[in-house]
1. Just to verify a result, which residue in region 9-19, among those that are under 19 Å from residue 105 (Cβ atoms) and more than 10 Å from the chain's Cα centre (by Cα), is surrounded by the most Cβ atoms within 10 Å (Cβ to Cβ)?
2. Take the residues of region 109-133 that are part of a helix (DSSP H, G or I) and among the charged types (D, E, K, R): which is modelled with the highest pLDDT?
3. Can you find a residue that is open to solvent by 70 Å² or more (accessible area, probe 1.4 Å), at pLDDT below 90 and among the charged types (D, E, K, R) anywhere in region 69-77?
4. Here's a check for you: in region 93-118, which residue that is under 17 Å from residue 51 (Cβ atoms) and of a type in the set (A, V, I, L, M) is farthest from the chain's Cα centre (by Cα)?
5. Of all the helices (runs of 4 or more DSSP H) wholly in region 1-108, which have at least 3 residues that are under 30 Å from residue 123 (Cβ atoms)?
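The values are calculated or read from the model by the stated rules, or taken from the named source; none is laboratory data. All of these numbers come straight from a predicted model, not from anything done at the bench. Every residue, glycine as well, gets a Cβ built from its backbone with ideal geometry; the counts of neighbours run over all protein chains shown. Heavy atoms of the whole protein, side chains included, go into the accessibility calculation; ligands, DNA and RNA do not. Shrake-Rupley method; radii C 1.70, N 1.55, O 1.52, S 1.80 Å.
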Amino acid sequence: LVGIGDAHLHSGRHGDATAAYLRAVPLREKAAKDEGLGAAEKLKNMRLSAEAHALVADALLAVPPGADVTVSGGEDGDREDGGGRKLLVAAAERVDYARGYYEQARKNLQDAVFFMGEVLSESSVNLGSEKSD
């Protein structure tokens with residue numbers, strides 16, 4: 001889904017990119033909460049969850065100021081004249097939505113850093129004996 005969102009974003013279809021990234025968010029959040037994984041895999045999934053939220057915020061902010069965020073809809077959704085477009089986020093709410101996703105990305109990244117600290121404190125790694133640059 002993120003790859004699809006990236007393709008839409010690079011082709012200027014910001015609303016469709018936003019929609020693709022939004023569909024990736026719950027999948028990545030679920031993977032980040034999977035307790036059956038090793039520490040490295042869990043940490044990776046936590047980072048990917050943060051990334052998904054940041055991608056939504058980025059796609060929302062890529063929409064031109066004053067424009068609604070719309071997505072393709074129906075069979076004629078590929079028309080470039082805007083036919084078949086469905087409203088995803090109104091222009092007046094776009095920045096607030098982006099801010100919310102950015103804040104969630106920041107929280108998820110902070111959780112990942114905290115988890116990394118927990119893993120290091122539980123491990124037998126002696127950080128004091130490592131060389132410093």
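1. 17
2. Among residues in region 109-133 that are part of a helix (DSSP H, G or I) and among the charged types (D, E, K, R), the one modelled with the highest pLDDT is 111.
3. yes
4. The selected residue is 116.
5. Numbers: elements: 2-10, 14-32, 39-62.
Output list reads 14-32, 39-62.
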